[in-house]
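**Student:** To start, I am sharing the structure in question, which I have written as structure tokens.
The values are calculated or read from the model by the stated rules, or taken from the named source; none is laboratory data. Keep in mind that this is a model prediction, so the values were computed, not measured. In this analysis, Cβ positions are derived from the backbone assuming ideal geometry, glycine residues included, and neighbour counts consider all displayed protein chains.
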Amino acid sequence: MWRAPSKFPAGPSEGLRRWSFGPLNENPLDYFTRLAREYGDIAGIRVVNFRTIFVNHPDTIEEVLVANARKYIKGRVLRANRHVFGEGLLTSEGDFWLRQRRLAQPAFHRAQIASYAATMVEYAQRLLENWQNGEERDAHQEMMRLTLQIVAKTLFDADVARDTQDVGKSLELLLELGANFRRTLFVPHWVPTPTNLRIKREIALIESILYRIISERRSSGRETGDLLSMLLHAQDEDGSRMTDRQLRDETITLFLAGHETTASTLSWAWWLLAQNSAAEAKLHAELDTVLGGRSPSLDDLSKLTYAGNVITEALRLYPPAWGLARVAIEDHEIAGYPVKKGMGIAMAQWVVHRDARWYDAPEEFRPERWEGDFLKRLPRFAYFPFGGGPRQCIGNAFALMEATLILATVAQSYRLRLVPGHPVVPLASITLRPRYGVRVLLESRQSGSAEISSDAKQAMSAD
Ligand code: HEM
């Protein structure tokens, strides 16, 4: 009889104490970077009796996410947050997930999201109406507010302006608390600890807003063509429709998955641009040439290639989804190693995106590396900010369009200068975000247009 080899890849063994309070939990970005350096493309991590295989080679990541996708479910931290996400797209599994994915997919088709472009620009412009030359702001907070409003308006046709602050604060808190791996994995959510009670209150607050939006839409019978309408009107073969609870799970998932990720992408992009004046000047040159002072629109996107490359490069260096995790649900093999049911698999965009085998000067911010057919020449999973395979991000085209249009709208009018002495530090929570925000000074570009146009000219002639 054939027997799978019993080997487990070499790697560290962490006791419970070291796991809880050591580098894996305290600084996972460094931990995984060091692991890749020490053990190469595959490493085995033992935490007490739980085993995880950490894979770094793009081909092996493809094996996990694409070829063997059905042999896994989502990782333990995401599943431990199911009381927040419920059976929404991010956390549901199997046939239920597939049905929901098919129902939601049309809302993210290219033609559909094209209709969201004008809203994205309009909301970015509204944000600028409140900005003033010389003011100091937290770019991350500004981007968070903006992307939350956009997701609410485009997907649910809800003007959550009056609720935005409440929803935003609650969502932020849920993400923060949900990312505390120690607490999430060891303290079940139903135990009435002060933190769990707090989480319960925040969920109740968001739910009350979501149920209100759902019930208003049900009673108006309005067919708006947005995601909420699609979900409300979707019918199974037996004629059944989604319950309010299912709608709540999908909407809370999209609010959570769809705003902080894009906001962080933009925050990192502002921070990177502020430190790279040549890249910033090139961006301004492109905006001035392509837009000539008018607002960006969907049709401009194909011409705003440098802006697109700034976003692509920000997503490479600071991928909001900095790592992915899976748990095996059947025995099989990956890269010649046996994977037993119940074993974990971990992959880190943070590590792969900074691997010198795929990227020259991997630590440097170089949007121009994406010119020509660079992406096509990369192994498919050397760049995977949106994951891949059947569980790939449903909102990736939405996010790229949104990030590029916001970048263009804001950079057309303002330069964001870093406030000296304010640290910008990555925090690898559920998403990768700037721990203390990104404090910036707003500098109106109009106020220094002569200088800008000479910068712009220089940048153009450098091409
Ligand atoms: C730059 C922004 C974004 C990044 C980096 C990002 C990243 C990801 C990644 C890596 C996954 C796969 C997770 C896994 O395989 O375990 C994912 C899934 C998902 N994302 Fe995004 N995302 C972004 C924006 C959005 C937006 C704007 C939306 C919705 C409006 C969205 C909705 C979702 C949903 C619903 C899933 C689960 C899909 C499924 O399993 O069927 N994301 N995202």
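**Student:** Tally time: how many residues in the stretch 413-432 are within 19 Å of L175 (Cα to Cα) and either touching an Asp or Glu at 6+ places or on another chain (Cβ under 6 Å) or surrounded by fewer than 17 Cβ atoms within 10 Å (Cβ to Cβ) (or both)?
**Tutor:** So the first thing to find is which residues in the stretch 413-432 are within 19 Å of L175 (Cα to Cα), and the list is 425-432.
If we keep only those that are either touching an Asp or Glu at 6+ places or on another chain (Cβ under 6 Å) or surrounded by fewer than 17 Cβ atoms within 10 Å (Cβ to Cβ) (or both) as well, we get 425, 427, 431.
The total comes to 3.
**Student:** Residues of the stretch 285-316 being surrounded by 21 or more Cβ atoms within 10 Å (Cβ to Cβ), touching a residue at least 40 places away in the same chain (Cβ under 8 Å) and over 23 Å from the mean Cα position of the chain (by Cα), which ones?
**Tutor:** A285, L287, P296
**Student:** Could you tell me how many of the residues in the stretch 399-415 are of a type outside the set (D, E, K, R) and more than 13 Å from the ligand (Cβ to nearest atom)?
**Tutor:** Residues of the stretch 399-415 that are of a type outside the set (D, E, K, R), as a first pass: 399-401, 403-414.
If we keep only those that are more than 13 Å from the ligand (Cβ to nearest atom) too, we end up with 408-414.
Residues that pass the stated criteria total 7.
**Student:** On to the next question. State all residues of the stretch 77-93 that are within 25 Å of V339 (Cα to Cα), near the ligand (Cβ under 10 Å from one of its atoms) and outside any helix (DSSP H, G or I); if no residue qualifies, say none.
**Tutor:** L90, T91, S92, E93
**Student:** Those residues that are within 16 Å of the ligand (Cβ to nearest atom), touching a strand residue (DSSP E or B) at 6+ places or on another chain (Cβ under 9 Å) and not aliphatic (A, V, I, L, M), I need them from the stretch 262-275; list them, please. Even if it seems obvious, please write down each step before you answer.
**Tutor:** Start the filter on the stretch 262-275 by keeping residues that are within 16 Å of the ligand (Cβ to nearest atom), which leaves 262-272.
Checking which are touching a strand residue (DSSP E or B) at 6+ places or on another chain (Cβ under 9 Å) leaves us with 263-264, 267-268, 270-271.
Within the stretch 262-275, S264, S267, W268, W270, W271 qualify.
**Student:** Among the residues of the stretch 300-315, is any in contact with a strand residue (DSSP E or B) (Cβ under 7 Å, 6 or more places away or on another chain), of a type in the set (S, T, Y), within 16 Å of the ligand (Cβ to nearest atom) and under 25 Å from E122 (Cβ atoms)?
**Tutor:** So in the stretch 300-315, the residues in contact with a strand residue (DSSP E or B) (Cβ under 7 Å, 6 or more places away or on another chain) come out as none.
Within the stretch 300-315 (the criterion being in contact with a strand residue (DSSP E or B) (Cβ under 7 Å, 6 or more places away or on another chain), of a type in the set (S, T, Y), within 16 Å of the ligand (Cβ to nearest atom) and under 25 Å from E122 (Cβ atoms)), the answer is no, since none of the residues qualifies.
**Student:** Output the residues belonging to the stretch 109-138 that are touching a residue at least 60 places away in the same chain (Cβ under 8 Å), within 16 Å of Y414 (Cα to Cα) and among the basic types (K, R).
**Tutor:** The answer is R137, and nothing else.
**Student:** Looking at P319, P385, P390 in this structure, which one is within 21 Å of A257 (Cβ to Cβ), in contact (Cβ under 8 Å) with a residue 24 or more places away in the chain, surrounded by fewer than 16 Cβ atoms within 10 Å (Cβ to Cβ) and within 16 Å of the ligand (Cβ to nearest atom)? Even if it seems obvious, please write down each step before you answer.
**Tutor:** On the way: P319 fails: surrounded by fewer than 16 Cβ atoms within 10 Å (Cβ to Cβ); P385 fails: surrounded by fewer than 16 Cβ atoms within 10 Å (Cβ to Cβ).
Just a single option satisfies the conditions, and that option is P390.
**Student:** Working only within the stretch 241-275, note down all residues that are of a type in the set (G, A, S), crowded, with 22+ Cβ neighbours inside 10 Å and either at pLDDT below 95 or farther than 13 Å from P367 by Cβ (or both).
**Tutor:** From the stretch 241-275, those of a type in the set (G, A, S) are 257-258, 263-264, 267, 269, 274; that's our starting set.
Still in the running and crowded, with 22+ Cβ neighbours inside 10 Å: 257-258, 263-264, 267, 269.
Scanning the stretch 241-275 gives A257, G258, A263, S264, S267.
**Student:** Select from the stretch 45-99 the residues that are under 26 Å from E14 (Cα atoms) and among the aromatic types (F, W, Y) and list them in ascending order.
**Tutor:** F50, F54, Y72, listed by residue number.
**Student:** Go through the stretch 322-355 and report how many residues are within 16 Å of the chain's Cα centre (by Cα) and more than 16 Å from the ligand (Cβ to nearest atom).
**Tutor:** 0
**Student:** Another question about this same structure. For F96, work out the one condition from (1) closer than 30 Å to I199 by Cβ; (2) assigned to a helix (DSSP H, G or I); (3) more than 13 Å from the ligand (Cβ to nearest atom) it doesn't fulfil.
**Tutor:** Evaluating F96 over (1) closer than 30 Å to I199 by Cβ; (2) assigned to a helix (DSSP H, G or I); (3) more than 13 Å from the ligand (Cβ to nearest atom) leaves (3) as the failure.
**Student:** Also, I was wondering about something else. I need the full set of residues from the stretch 40-76 which are part of a helix (DSSP H, G or I), at pLDDT 95 or above and touching a strand residue (DSSP E or B) at 6+ places or on another chain (Cβ under 8 Å), in order please.
**Tutor:** First pass over the stretch 40-76, keeping only residues part of a helix (DSSP H, G or I): 58-67, 69-71, 76.
Narrowing further to those that are at pLDDT 95 or above: 58-67, 69-71.
Matches in the stretch 40-76: T60, I61, E63, V64, L65, K71.
**Student:** Further question: Look at the stretch 110-160 and say how many of its residues are part of a helix (DSSP H, G or I) and surrounded by fewer than 13 Cβ atoms within 10 Å (Cβ to Cβ). Lay out the reasoning, then the answer.
**Tutor:** First, pick out the residues of the stretch 110-160 that are part of a helix (DSSP H, G or I): 110-114, 117-129, 139-156.
Imposing the further condition that a residue be surrounded by fewer than 13 Cβ atoms within 10 Å (Cβ to Cβ) reduces the set to 110-111, 126, 129.
Number of matching residues: 4.
**Student:** Quick one: which of A278, A234 is modelled with pLDDT of 95 or more, out of contact with any Ser or Thr (no Cβ under 6 Å at 6 or more places or on another chain) and more than 9 Å from the ligand (Cβ to nearest atom)? Spell out the reasoning first.
**Tutor:** Working: A234 fails: modelled with pLDDT of 95 or more.
From the options A278, A234, the qualifying one is A278.
**Student:** Let me ask something additional. Sort out which residues of the stretch 81-96 are touching a residue at least 12 places away in the same chain (Cβ under 8 Å) and aromatic (F, W, Y), and write them in order of number.
**Tutor:** Listed by number, the list holds a single entry, F85.
**Student:** Being within 25 Å of L98 (Cα to Cα) and either buried (at least 18 other Cβ atoms within 10 Å of the Cβ) or touching a strand residue (DSSP E or B) at 6+ places or on another chain (Cβ under 7 Å) (or both) is the filter here; which residues of the stretch 350-382 pass it? Give the derivation first.
**Tutor:** Taking the stretch 350-382 and keeping what is within 25 Å of L98 (Cα to Cα), we get 380-381.
Matches in the stretch 350-382: F381 only.
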